[in-house]
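These notes concern the structure reproduced below.
The values are calculated or read from the model by the stated rules, or taken from the named source; none is laboratory data. None of the values given here were measured: they were computed from a predicted structure. Cβ coordinates were reconstructed from backbone atoms using ideal geometry, including for glycine residues, and neighbour counts include every protein chain displayed. Keep in mind that these areas ignore ligands, DNA and RNA; they rest on the heavy atoms of the full protein, side chains included. Shrake-Rupley method; radii C 1.70, N 1.55, O 1.52, S 1.80 Å.
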Amino acid sequence: LANIIWSFSKAGESNSRLFNKVAGHIIALNTLGEFNPQALANIIWSFSKAGESNSRLFNKVAGHIIALNTLGEFNPQALANIIWS
């Protein structure tokens, strides 16, 4: 999912239905533990870059990151991309 929406964003393409579908899927998940830090950064960056804001998705990702014991798994670029987004 992260790679698909990253590709759309990188190409300058936005498809609101696709982004809403991806956001809905991620929001419905019980946990975001299956996503590695880079995937989370790419997802959030992609939504921002495409102009596809989704506060529920952003809050879900933020809550997941806040609940982590450490941010050691995040490389500095991933953290920067999340904060920029």
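Just so you know, in segment 27-37 the residues that are at pLDDT 90 or above and assigned to a helix (DSSP H, G or I) include one that is nearest to ALA11 (Cα to Cα), and it is ILE27. Evaluating ILE82 against the criteria (1) at pLDDT below 90; (2) over 9 Å from the mean Cα position of the chain (by Cα) leaves one unmet condition, (2).
Looking at segment 61-70, is at least one residue surrounded by 12 or more Cβ atoms within 10 Å (Cβ to Cβ), modelled with pLDDT under 90, hydrophobic (A, V, I, L, M, F, W, C) and part of a helix (DSSP H, G or I)? Yes.
For every residue, the table says whether it meets (1) of a type in the set (Val, Ile, Thr); (2) open to solvent by 40 Å² or more (accessible area, probe 1.4 Å); (3) at pLDDT 90 or above; (4) part of a helix (DSSP H, G or I).
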| site | (1), (2), (3), (4) |
| --- | --- |
| ALA39 | no, no, yes, yes |
| ILE43 | yes, no, yes, yes |
| GLY51 | no, yes, yes, no |
| GLU73 | no, yes, no, no |
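Residue count for segment 1-15, restricted to those that are among the hydrophobic types (A, V, I, L, M, F, W, C) and open to solvent by 80 Å² or more (accessible area, probe 1.4 Å): 3. With the requirement that a residue be aromatic (Phe, Trp, Tyr) and touching a residue at least 40 places away in the same chain (Cβ under 8 Å), what does segment 31-85 give you? Scanning segment 31-85 gives TRP45, PHE47.
Taking the criterion of being farther than 17 Å from SER55 by Cβ and surrounded by 13 or more Cβ atoms within 10 Å (Cβ to Cβ), the only residue of segment 16-28 that qualifies is LEU18. Of the numbered criteria (1) in a loop (DSSP other than H, G, I, E, B); (2) in contact with a Phe, Trp or Tyr (Cβ under 6 Å, 6 or more places away or on another chain); (3) hydroxyl-bearing (Ser, Thr, Tyr), the one SER14 fails is (2).
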